[in-house]
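Below: one structure, written as structure tokens.
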Amino acid sequence: MAHMTNPLATPDQLFQRRSLGALPMELQDIIFFSTQCLTQAAGLLLQLPQSVTAQANVLLARYWLVESMMAHEFSDVSAATLYLVAKLSSHPVSPRDVAYIYTYLLSSSSAFFHDPSSRPPPPPPPPFGSESTTTATASSFSSDKSNTPYLSPSGYQAFHARLLRLEGLVLAALGFDTHVALPHPLAVTYLQALDFFSFRRDGSKEAGRRALAARAVAYLNAALLSPQALYLTHQPPALAVAAMYSAARDVGAKMPECEWWEVFDVDREELGFLVVGMRSVEGWGRKMRKDMKEAMRGRERGMLTRKDVEGELRRRGLVAGDEVGNGSKMAVVDAAEEEAARRLDEKMAEMASAA
Amino acid sequence: MASKPKSRWADDEADAALEAQRKKEKEEKKRLKAEKARKLEAERKAREAAAASTSQQAGDDPDRGPPAKRRRLSPERDNHDGDDHGDDDHRDDDNEAPRAHAPSSETTAADPSNLLRFEGGTFGRSRSVENYDKLNDIEEGTYGWVSRAKDVATGQVVALKRLKMDPKDRSGVPVTGLREIQILKDCNHGNVVKLLEVVVGDDASKVDSIFLVLEFLEHDLKSILEDMPSPFLASEVKTLLRQLASGLAYLHDHFILHRDLKTSNLLLNNRGRLKIADFGMARYVSDPPPANLTPLVVTLWYRAPELLLGETRYGAAVDMWSVGCVFGELLTREPLLQGRNEVDQLARVFELCGTPSDDAWPGFRRLPHARGLKLPRGPPRRRSAPRSPSSPPPARPCSARSSPSTRPAAPPPARCSSTTTFARTRGPSPRPCSRPSRARPARSGGDGGRPPRRRRAARR
Ligand SMILES: Nc1ncnc2c1ncn2[C@@H]1O[C@H](COP(=O)(O)OP(=O)(O)OP(=O)(O)O)[C@@H](O)[C@H]1O
Ligand SMILES: [Mg+2]
């Protein structure tokens with residue numbers, strides 16, 4: 001059953017993320033989103049199958065429920081998780097290739113630098129399980145070959161040391177559990193198993209089915225980038241079914257009247273929740289792009305760094321420790337949230353000592 | 001062997017003291033268990049309260065994380081971990097049973113349609129090795145050091161296997177170690193050694209030592225065979241082999257190839273329970289197996305002929321060959337096929353099994369190393385098959401059939417409980433028990449015909 005199950009976040013872990021002392025949620029969201037995008041871009045350039053990159057996205061999301069986001073540079077965490085997952089797959093990559101690709105992506109000559117967030121949700125990847133990579137998409141990143149960045153020997157040494165150190169720290173933070181089961185192959189298999197999708201738009205059933213599968217997989221990939229972190233709270237069969245449902249709605253496939261999701265052991269409530277979550281990703285992505293531009297005031301472009309976030313915190317007066325807020329509405333919400341969290345902490349401490 | 005001077009780690013006194021303490025510890029364990037249960041209950045209450053309030057909080061933001069109240073996100077692992085430690089007597093081929101359970105009544109109540117719940121556990125930080133007290137070293141292998149240790153908090157005795165990390169290795173944590181950990185984590189069977197947790201060195205800023213915490217078993221088959229004054233009875237061989245086959249069938253059912261079965265990797269506790277250990281060479285394979293596996297696996301004396309011939313598309317049959325070799329060794333207390341090198345090993349295989357014919361093993365001549373091979377013509381010069389002195393001999397183990405396709409598979413998990421069978425047939429326990437537990441001399445590296453292992457190369 002391991003191929004259908006993942007370790008999930010505990011309520012405690014989810015709660016910690018929103019608790020006292022944590023970064024404001026909307027900053028966490030931006031960090032999460034842009035780092036996951038970076039991982040995706042690096043996976044493309046390293047010619048890794050999407051199944052490998054997707055696992056790296058999930059490991060990274062888990063890691064950030066255990067370790068503070070600000071503990072290490074975001075791009076380093078992205079590189080370490082991708083390197084680790086690739087090592088365990090049948091597509092290992094060398095530290096040198098990883099160093100080179102990340103240096104490139106973070107340099108001013110990459111398309112990612114100029115518009116790190118313009119692409120999500122990413123183009124539907126090749127059919128799952130096929131080992132081919134989308135070189136066509138990859139080339140769009142490396143258009144400007146003449147301007148590739150130079151990585152000095154000492155720069156490489158430093159990157160290499162950070163990469164291996166973080167690999168160990170990520171492993172320790174996850175208790176050395178690197179298992180990730182992806183919903184993508186399940187969605188494809190389930191769609192094949194069900195012959196009940198007949199299409200209104202055009203007569204070609206086969207083309208319709210392919211469109212449907214591609215759409216479902218796109219939902220699953222988009223959900224990887226979203227800080228809702230649905231992969232940490234729901235098992236692959238539920239994610240697969242929700243993506244199928246959403247995709248069927250989009251392409252106008254006719255679904256049976258019965259509660260077909262129960263065949264895959266998903267109940268209506270969970271399905272409903274996931275469908276809402278997955279469908280919100282797109283609108284949310286637009287908002288994210290806007291937020292990201294704001295968060296990077298002072299530095300026009302490129303990957304978000306810890307420095308950017310520290311700067312933003314300082315602007316909001318959240319680091320200096322003086323009174324919260326510079327009149328921004330978010331800060332007020334944060335303060336209220338923190339107050340609630342503090343009360344909850346006290347209550348829990350009380351209960352624990354009473355028991 | 002017992003006449004040898006005090007061994008490097010002989011620890012008889014500590015063992016005796018431990019024995020004397022056992023009662024005390026058992027009581028202590030009981031107490032701790034009760035306390036743990038109490039704590040868990042308190043924790044659960046607190047968590048429910050937290051979940052309830054989070055879901056209120058999350059109520060005004062439907063796009064963000066799921067309301068935690070909706071369902072229990074994590075099974076409380078500890079619930080079935082608690083009774084899982086060591087007491088093999090009443091736990092047998094405990095396959096997946098605990099995992100499929102609905103975690104609690106509160107979820108089942110909300111679940112009218114009887115849907116299957118998928119439980120994958122949780123994730124969280126590794127603890128420090130400082131939670132264990134080292135008792136003595138057991139063995140130094142190729143990939144690690146193994147020592148006996150005690151959990152400071154619970155008193156449980158465990159085996160700590162330290163992954164060898166080469167600081168000069170530019171690729172970081174060895175992939176073999178990571179695979180070993182992942183596979184052991186995924187396994188749950190009475191004849192496969194249990195991984196309790198993975199702990200790390202105390203330095204929080206870097207991870208330079210990694211330890212697998214394994215359930216402790218008193219012996220391995222190799223040392224037992226070396227120390228035994230007389231060979232196993234046929235009934236003993238049978239119960240050992242049954243357990244080995246049952247564990248191996250579980251692995252193969254879960255798409256795991258072990259690729260290093262040999263007597264030193266088969267552990268045995270004082271109650272006669274056999275467990276497969278050392279997954280340093282193991283990996284998941286697809287079905288049918290991929291075509292690019294490395295043939296450089298399995299210790300030479302236990303290596304199947306197709307591997308010796310350089311086959312890269314092989315499957316469960318390579319493990320079954322090793323089982324045949326172990327079988328022979330159990331009967332005679334001597335490794336069955338002690339080749340000096342790969343060519344010699346192959347010659348010995350053909351001497352025992354006969355030179356394969358194209359009918360019996362179609363296509364074997366096309367294997368990479370078969371071309372330069374001078375095969376003896378004519379009927380096989382069979383040397384006598386291994387036999388148990390105490391009973392009518394089985395014929396040449398049928399798992400030692402040179403053609404991989406006619407080699408039998410590991411049987412489906414034995415239905416009847418292996419411990420009851422064991423009790424009935426009076427297994428090897430009296431002998432092992434008569435020796436002080438783990439009081440065998442450390443070996444001087446004489447592991448025999450170890451293959452040239454590719455170390456960090458991405459093994460396929
Ligand atoms: N759980 C355990 N309980 C008791 N002893 C153990 C345990 N695990 C391993 N050992 C002992 O340590 C020895 C080496 O362990 P293991 O085979 O796992 O390590 P290794 O480094 O991979 O060895 P090798 O490379 O020599 O096969 C075993 O032969 C056995 O004697
Ligand atoms: Mg070993």
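Rounded, prolate or oblate: pick one for region B:129-215, where a ≥ b ≥ c are the square roots of the eigenvalues of its C-alpha gyration tensor, a/c under 1.5 means rounded, and failing that, prolate if a/b is larger than b/c, else oblate. The shape class here is oblate. For the pair region A:233-290 and region B:314-374, the centres of their Cα atoms are 54 angstrom apart. Ranked by how many other Cβ atoms sit within 10 Å of their own Cβ, fewest first, the residues A:Arg315, B:Arg242 fall in the order A:Arg315, B:Arg242. Residues whose amide H comes within less than 5 Å of that of B:Arg283, counting only those at least five positions distant or on another chain, are B:Leu257 (H built at 1.01 Å from N in the peptide plane).
A simple spin-label model places pseudo-atoms 7 Å from Cα toward Cβ; at B:Glu130 and B:Asn114 they are separated by 5.2 nm.
Karplus-derived 3J(HN,Hα) values for region B:339-345, using 6.51 cos²θ - 1.76 cosθ + 1.60 with θ = phi - 60°, are x, 7, 7, 5, 5, 4, 4 Hz; glycine and proline are entered as x.
Averaged over the residues of peptide A:224-237, the number of Cβ atoms from other protein chains lying within 10 Å of each residue's Cβ is 3. Shown in residue order for region B:224-230 are the 3J(HN,Hα) couplings computed by the Karplus curve 6.51 cos²θ - 1.76 cosθ + 1.60 at θ = phi - 60°: 4, 4, 5, 8, 6, x, 9 Hz (x for Gly and Pro).
Full extension of the chain between B:Thr406 and B:Asp202 yields a length gain of 68.3 nm, computed as 0.36 nm times the residue separation minus the alpha carbon distance.
FRET efficiency for the pair B:Arg366 and B:Asn341, taken as 1/(1 + (r/R0)^6) with r the Cβ-Cβ distance and R0 = 35 Å, rounds to 0.95. Annotation: peptides A:225-232, A:175-182, ranked by per-residue average of other Cβ atoms within 10 Å with the highest first, follow the order A:225-232, A:175-182. Annotation note: trypsin sites (Lys or Arg not before Pro) in region B:271-327 located in DSSP loop regions with a Cβ neighbour count of at most 16 within 10 Å are B:Arg313. Checking the Cα-Cα distances for A:Lys307/B:Lys168; B:Lys150/B:Lys238; A:Lys87/B:Lys134; B:Lys161/B:Lys194; B:Lys134/B:Lys206; A:Lys87/B:Lys222 against a 24 Å cut-off, the pairs over it are A:Lys307/B:Lys168; B:Lys150/B:Lys238; A:Lys87/B:Lys134; A:Lys87/B:Lys222.
Amide H contacts for A:Gly175 (H built 1.01 Å from N in the peptide plane; partners 5 or more residues away or on another chain; cut-off under 5 Å): B:Gly124, B:Ser126. Taking every residue in B:171-180 and counting other chain Cβ atoms within 10 Å of its Cβ, the average works out to 5. Peptide A:178-188 is shielded by partner chain Cβ atoms: per residue, an average of 1 of them sit within 10 Å of its Cβ. Each residue of region A:42-58 was assigned a 3J(HN,Hα) from its phi angle through the Karplus expression (A = 6.51, B = -1.76, C = 1.60, θ = phi - 60°), giving 5, x, 4, 5, 7, 6, 7, x, 4, 5, 6, 4, 4, 5, 5, 4, 5 Hz with x at Gly and Pro.
Only the coordinates and a few stated rules stand behind these numbers; no lab work does. In this text the structure is predicted, and so the values were computed from the model without any measurement. Counting neighbours? That spans all protein chains shown, and the Cβs are built from the backbone with ideal geometry, glycine included.
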